[in-house]
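Some notes on the structure that comes next.
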Amino acid sequence: FVGGWLGDRGIKLSVVSAILFFSALYTLLIAVTYQSIAPLFISLSVTAWALLTTIIFFFIPMAALALLSPYLIKLLVATTGGAIGISSGSLYGVSTIGSIVWTFATSFYLIPTFGARATFITVVVGFFVIACVCAFTARTSRLAALTLSLVFFAVVPAPALDGRVIAQTDSAYN
């Protein structure tokens, strides 16, 4: 609904970039703070805890990314001369293939090979890179995109060097 409304107000690649930047920053915030947020709800039943933490961690970025489909369809229709069927079919086809490929890649290769946290951070960086490409392609304020880039990489967590943790890794069950 909101993505279609935004598309009807005007189509700009900078809006796509802004949505991706927001999703990347929120997801990064979760990657940095999940170990302190999840225990806050540990007194709940396992089902309620899992549901609540999943909503907190994933609802906002997924809702933001859901805005993109109708918005991108509107953008594609404008660039293809009004071919709504081809535009929406192409977008959903690419989306479906990407979902299938990345579901299998994540489940069977990325998480077992690199761990859940590294895979999560890689997704965040991917969002961010695509957002930067959109920002520079849209010829929006390159200074703003550069500033967001610097802020983003300044916030990316570095390993803690407090002397107490010798090694930390994901388990095979993460």
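The values are calculated or read from the model by the stated rules, or taken from the named source; none is laboratory data. Quantities reported herein were computed from a predicted structural model and do not represent experimental measurements. Virtual Cβ from ideal backbone geometry, glycine too; neighbours counted across all protein chains shown. Ligands, DNA and RNA are stripped out before the accessible areas are found, and what is left, the full protein with its side chains, is counted by its heavy atoms. Shrake-Rupley method; radii C 1.70, N 1.55, O 1.52, S 1.80 Å.
Reported count of residues in region 4-28, each being over 16 Å from Cys134 (Cβ atoms) and either in a loop (DSSP other than H, G, I, E, B) or touching a residue at least 12 places away in the same chain (Cβ under 8 Å) (or both), is 5. Within region 52-75, can you find the residues that are open to solvent by less than 60 Å² (accessible area, probe 1.4 Å) and not hydrophobic (A, V, I, L, M, F, W, C)? Those that are open to solvent by less than 60 Å² (accessible area, probe 1.4 Å) and not hydrophobic (A, V, I, L, M, F, W, C): Thr53, Pro61, Ser69, Pro70, Tyr71.
What residue, among those in region 79-103 that are part of a helix (DSSP H, G or I) and over 21 Å from Met62 (Cβ atoms), is least open to solvent (accessible area, probe 1.4 Å)? For region 79-103, the residue satisfying everything is Ser87. Here Thr106 fits the description: among the β-branched types (Val, Ile, Thr), in a helix (DSSP H, G or I), at pLDDT 80 or above and open to solvent by less than 80 Å² (accessible area, probe 1.4 Å).
State which residue is surrounded by the most Cβ atoms within 10 Å (Cβ to Cβ) when the search covers only region 109-124 and only residues that are free of Cβ contacts under 8 Å to residues at least 60 places away in the same chain and among the aliphatic types (A, V, I, L, M). Result: Leu110. Collect the residues in region 27-80 that are over 30 Å from Arg9 (Cβ atoms) and among the hydroxyl-bearing types (Ser, Thr, Tyr), keeping them in residue-number order. Once the filter is applied, which keeps residues that are over 30 Å from Arg9 (Cβ atoms) and among the hydroxyl-bearing types (Ser, Thr, Tyr), region 27-80 yields Thr33, Tyr34, Ser36, Ser43, Ser45, Thr47, Thr53, Thr54.
Of everything in region 1-51 that's of a type in the set (Ser, Thr, Tyr) and open to solvent by 60 Å² or more (accessible area, probe 1.4 Å), which residue is nearest to Pro61 (Cα to Cα)? Filtering first and then ranking leaves Tyr34.
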